[in-house]
Amino acid sequence: MHIQTGTEIDQPVIARPAVEERQRVDIVLASDAHGAFVWGVLDRLLDEPGLSFRTITASGFGAMEAAVLAYGLALGGRRGARTALTNFWRRVSHASMSAAVTANPLRSILEQSIDIAEIHKRSCPVRLCILASNARTDEVKIFTSDQLSIDAILAAATVPFLFPAVEIDGDTYWGDGDVSALPLVQPFDTGHRLIVTGKPALFMAPCADRRPAAIPCAMTCTPIHAIFDSQHRAASALFARPWTDWGELTDMRDRGRQRAEDWLLADHHAVDDCSAVDSKTRYV
């Protein structure tokens, strides 16, 4: 058992009416989003009883958080996922204190935080798609839940050129998987796609039938939204430190929670669903 309830941080659950009842959301965690900010966004979304995760696509350090969340959901539901994420970040903070003597503690942290067999099971409530780049060809590979391994998750989280690429099936992979390589959102799909990113970006695809925004869409498209960290540049300084202060991590977590709260309070149905790029109100 990897989940330890003794380190759980409980916060009140506040139901909000903005997201329709039992709304299904596909989450995309971009590689430029700071991990603790992503933690806060996921933590707040887990508070929402009317919202459920369908798939989580992740690159960069977010791949580890996606795996921890899926494992926590499989074992203990929403409470288990929040506890698993908190325990994971405590391990990251503790390990960073001894970074000088431990070259790369991420494998140990991940092995302590998840059991990959639980994510492989059909009963796992969320499907994962983890992106990593082939270090030789730069081609992006998507590892789905049934293909996922500790090595694949570590590869997605490995910073190119700063750490060695991870060998998988005779080839080498590392992070920086480009979310723009994702396929277009299929028509007639239900739910929302929420992208968590470090800064506003224009990588989101247009309507699936590629009509200009002024022309009525012939199909029902998945609404696309984005949450970005307004203090992305300030947070990036933490990567250069040999330690990670727990207080600073929780400050970033709380900022992520607030951005997710803002998104939940927004009126998602008042925006034209056919053009994500042209709809600035999709960013919070």
Subject >> All positions within the stretch 124-148 that are open to solvent by less than 40 Å² (accessible area, probe 1.4 Å) and closer than 26 Å to Gly80 by Cβ >> reply: Cys124, Val126, Leu128, Cys129, Ile130, Leu131, Phe143, Thr144, Ser145, Leu148
Original post:
Are there any pairs with C-beta distances below 7 angstrom linking a residue in the stretch 34-49 that is in contact (Cβ under 8 Å) with a residue 60 or more places away in the chain and over 15 Å from Arg24 (Cα atoms) to a residue that is assigned to a loop (DSSP other than H, G, I, E, B) and open to solvent by less than 10 Å² (accessible area, probe 1.4 Å), with the two at least 6 apart or on different chains, and if so which?
Top reply: His34/Gly198; His34/Asp229; Phe37/Asp229
Original post:
Failed condition for Ile119, given (1) open to solvent by 10 Å² or more (accessible area, probe 1.4 Å); (2) more than 24 Å from Asp245 (Cα to Cα); (3) touching a helix residue (DSSP H, G or I) at 6+ places or on another chain (Cβ under 8 Å); (4) of a type in the set (Val, Ile, Thr), with all others met?
Top reply: (1)
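The values are calculated or read from the model by the stated rules, or taken from the named source; none is laboratory data. Since the structure is predicted, the reported quantities are computational estimates derived from the model, not experimental observations. As a convention, Cβ positions derive from the backbone with ideal geometry for all residues, glycine included, and neighbour counts pool all protein chains shown. With ligands, DNA and RNA removed, areas are computed over all heavy atoms of the protein, side chains included. Shrake-Rupley method; radii C 1.70, N 1.55, O 1.52, S 1.80 Å.
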